[in-house]
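The values are calculated or read from the model by the stated rules, or taken from the named source; none is laboratory data. Not measured: the values here are computed from a predicted model. Positions of Cβ are generated from backbone atoms using ideal geometry, with glycine treated the same way; all protein chains shown enter the neighbour counts. With ligands, DNA and RNA removed, areas are computed over all heavy atoms of the protein, side chains included. Shrake-Rupley method; radii C 1.70, N 1.55, O 1.52, S 1.80 Å.
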Amino acid sequence: MGEFKVHRVRFFNYVPSGIRCVAYNNQSNRLAVSRTDGTVEIYNLSANYFQEKFFPGHESRATEALCWAKGQRLFSAGLNGEIIEYDLQALNIKYSMDAFGGPIWSMAASPSGSQLLVGCEDGSVKLFQINPDKIQFERNFDRQKSRILSLSWHPSGTHIAAGSIDCISVFDVKSGSAIHKMLVDRQYMGVSKRKCIIWGVAFLSDGTVISVDSAGKVQFWDSATGTLVKTHLVANADVQSIAVSDQEDSFVVGTAEGTVFHFQLVSVTSNSSEKQWVRTKPFQHHTHDVRTVAHSPTALISGGTDTHLVIRPLMEKVEVKNYDAALRKITFPHRRLISCSKKRQLLLFQFSHHLDLWRLGSTVATGKTSGKFLVPGKHGDTLPLSKDADHLLHLKTKVSKMPAFLRSAVQILFSEDSTKLFVASNQGSLHIIRLLEGSFKHLHTFQAQSGTVESMCLLAVSPDGNWLAASGTSAGVHVYNVKRLKLHCTVPAYNFPVTALAIAPKTNNLVIAHSDQQIFEYSIPDKQYTEWSRTIQKQGFHYLWLQRDTPITHISFHPKRPMHILLHDAYMFCIIDKSLPLPNDKTLLYNPLPPTNESDVIRRRTAHAFKISKRYKPLLFMDLLDERTLVAVERPLDDIIAQLPPPIKKKKFGT
Amino acid sequence: MVQLRPRASRAPASASAMVDEGQPASEEAEHGLLLGQPSSGAAAEPLEEDGDGDGDEWDDEAPEELTFASAQAEAREEERRVRETARRDKTLLKEKRKRREELFIEQKKRKLLPDAVLEKLTAASQTGIKKSPGKLKEDNLQKKNEECEKRSESKKVKEKVQSIGQNKSYVARRLKDQDLRDSRQQAAIAFIQNSLYGPGTNRTTVNKFLSLNNKRLPVKKAAVQFLNNGWGTQKKQNAKRFKRRWMVRKMKTSKK
């Protein structure tokens, strides 16, 4: 492998924003997550919890509620008073409709999926009809005195429970009038001064309404009589979220102390038919408020101010007890936010609204642009970026206008010699633009094949400038011949999304990494998988390799050694040496540093192709600058936590 | 029963009462009603008796001989003085307020564009509406409007100037609605901030939270963020500058 000098970079001030809402879609097993800065991410839970789609956000669009409706449609509503529908194919916003009720605090889709209910600041509950192309306002329900903070439909769609401040109202959907008004006790730690805020309600099919409030109580109400049935005092702080499973035999609540409680319906004695709700399991996976929870058939999902997304599969619901049943904590992004210019030793950091350009060895240029400007790549740069779909793209040089079809770019990539720019637009087409001194010239457009652009588009260009690889269509990775401007071949489709893509310098092998930790190597000139790739697919990867949590986000190559592939994920980086034998399940995958006093025999026996180092973690980016130098961008978790909002005080004995 | 000697009242009603009711008091006195007010006719009774009925025992201090009329006059003077000062204060305040308002009006005038430009704007906007039927991306302009929501109205006008000047197509929005919507949004954000992080919530800093573990270890460690890097930044900058200059000077002298 050799020795390398490593630039350890820790000044990338990446702070993700806290998670505000989570919505689980049962049919497609997808999770929509919205954050406090307005970004919405979609995770594919069956593809190893990979973040498939990403909608960049804006503070004005900060969401307070998120829900799925019939036909895989995603709606969100926020404090700017608008209901937004997202276009999951084109990765932008379809439309936004003002609800005219002031800031919207909560939203719920009816069990049938055809109606949408919205709770507003002025105390009104509005009903919208979901049409195939748009939503339409139907009517208002009775107006309440204070803001409606949580909503829940009865599974039959006839009644609604709405939680506001100090009271819960039950409405009848047909008439729109409030049937019951249940007052909630304000007492919090013996004091009744602060108003009791009902953060969440859930309506069960037997007429029970479960409410969670800011006094730390979980209360069960009977909606037929409007009376309180049972109270559980669960925490000393707010209980902020609740989610019920589809079978209605378990629900989960999240508190402001970071604890998540699981309640289950268990029979009173072992053979009686009478059942009651019992608090069964506490989970402490968060340090800050848990603002949202979701309940999938097999797992509990929680997210909060500490920016982690925690997915906890329930052991009794999981069929196969393998590594899939382990706890998953998603902290770091699944896309690459950093790009590096090797010749100039520059690093480009991508933040949500600006870009930072740093020089290695000393910090010279920190260009704070507004997000609308892209600092053009210098000679020898490759700057792939994923741009905000709403912002227009401008080049900072004297370029006057950009053509209209370049309105929303999903991915931008410069060629190796910086004369060409490849832009993947969100309509599924790929544009090539030649960059000249003061202007540009549009060369060619590769239209999308039949079908639509599904997941995040990744681009890779070969160092000699002949080939361009693009992933993102469900039909596999397309390889285009740039010189002749036509489609060269297509790598066969694989059912897991692509997480990283790169083309080797001399051999023009396309290396693809998928979200289930599989790696393929495809030879572009030969139009087939390489020998090495076939061997490793036949043998299979080491089981520890397949059990890694985080996806591979970057692949690069050594300029002088064609047999080496360098790749990394958040907790390790690995150099694959294709000349060495492959490990099977019995060998040690994570080799310790080779000690010099070990005998040669042992070293030969344990040497295998995957040289993994866990020295620098958590890694956001790792690349080879030249033959002897590596650059590793780390982001210690403590630095992120240090910039989070204040958590609830915990009193521990002895402090 | 002890017969108490009738005493003249020591503390009559307040001077102002005396002054105001000077006339009726005299009438009452004439009627001989002893309501604690000595008759003005009998000018011999001193108003300010320091002793009581036993005054004749302390003969060394002869009580002051004050006529009722003089005392009344004094009281009236005082009253007048008080009134004068109050009036003066009020007028001073009024003047101050007037000056301040004028200042504000002037400042506002300075901020607003000159009238000529504003007239040109409105003319241009009307022609602009007729010219360009197309629509810019609504999101863009929404963002622009929301970005300038915090600035004053005049600056909003300026923003519109730019867009009209470049002859782009746009979407018209009423600024009054924007203000209402913004105030509601601010109120909502304030509500959430107050209910989660406001008074009455039991919050602590991240540093203290993470250091709890360190405190309970068998060998106690320091807090997680032990150093306060934001302390004395100005001092540190000055020190850095001084050091640089000192080095340069040192280099120069050593060269010589």
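For A:Thr292, the residues whose modelled amide H falls within less than 5 Å of its own, excluding neighbours fewer than 5 places apart on the same chain, are A:Gly303. Dividing the summed helix terms, -39500 (n - 2.57) for each DSSP H run of n ≥ 4, by the number of residues in chain A produces a 222 nm estimate of -1000 deg cm²/dmol to the nearest 500. With respect to the cross-link table entries A:Lys5/B:Lys252; A:Lys329/A:Lys650; A:Lys145/A:Lys281, which display a Cα-Cα separation exceeding 26 Å? Going by Cα-Cα distance, A:Lys5/B:Lys252; A:Lys145/A:Lys281 fall outside the 26 Å limit. Using a probe of 1.4 Å on the protein chains alone, the accessible area found for A:Glu627 is around 70 Å².
Greater than 27 Å separation of Cα atoms is the criterion. Which listed pairs, A:Lys126/B:Lys176; A:Lys53/A:Lys343; A:Lys420/A:Lys560; A:Lys53/A:Lys617; A:Lys506/A:Lys586, meet it?
A:Lys53/A:Lys343; A:Lys506/A:Lys586, as the Cα separations exceed 27 Å there.
For segment A:238-317, GluC sites (Glu not before Pro) are listed when DSSP marks them as loop and at most 10 other Cβ atoms sit within 10 Å of their Cβ; the list is A:Glu274, A:Glu316.
Heavy-atom accessible area, probed at 1.4 angstrom with all protein chains present, ranks A:Met572, A:Met315 as A:Met315, A:Met572, highest first.
For the pair A:His444 and A:Glu319, the difference between a 0.36 nm per residue extended length and the Cα-Cα distance amounts to 39.9 nm.
With the simple model of a label 7 Å out from the Cα in the direction of the Cβ, A:Asp122 to B:Arg216 spans 5.0 nm. Ligands, DNA and RNA aside, A:Leu430 has an accessible area near 10 Å² when probed at 1.4 Å.
Tell me, what is the FRET efficiency for A:Gln528 and A:Ala607 to the nearest 0.05, using R0 = 35 angstrom and their Cβ-Cβ distance as r? With a Förster radius of 35 Å, E is 0.75. Computed with a 1.4 Å probe over protein heavy atoms only, the accessible area of A:Cys167 comes to about 20 Å². Pairs of lysines in segment A:175-277 whose Cα atoms sit within less than 19 Å of one another amount to 7, provided the residues are eight or more positions apart or on different chains. Evaluating 6.51 cos²θ - 1.76 cosθ + 1.60 at θ = phi - 60° for every residue in segment A:245-259, the Karplus couplings come out as 6, 5, 7, 6, 10, 8, 9, 10, 10, x, 10, 7, 7, x, 8 Hz, glycine and proline recorded as x.
Here the Karplus relation 6.51 cos²θ - 1.76 cosθ + 1.60, evaluated at θ = phi - 60°, turns the backbone of segment A:629-640 into coupling constants of 10, 10, 10, 10, 9, 9, 9, x, 5, 5, 5, 6 Hz, with x for every Gly and Pro. The distance between label points at A:Lys649 and A:Arg561 comes to 5.6 nm (points 7 Å beyond Cα on the Cα→Cβ vector). Our coupling estimate for segment A:349-358, obtained by passing each phi through the Karplus curve with A = 6.51, B = -1.76, C = 1.60 and θ = phi - 60°, is 9, 9, 9, 6, 10, 8, 10, 10, 10, 10 Hz, Gly and Pro reported as x. Applying 1/(1 + (r/R0)^6) with r as the Cβ-Cβ distance of A:Lys275 and A:Ser146 and R0 = 51 angstrom yields a FRET efficiency of 0.90.
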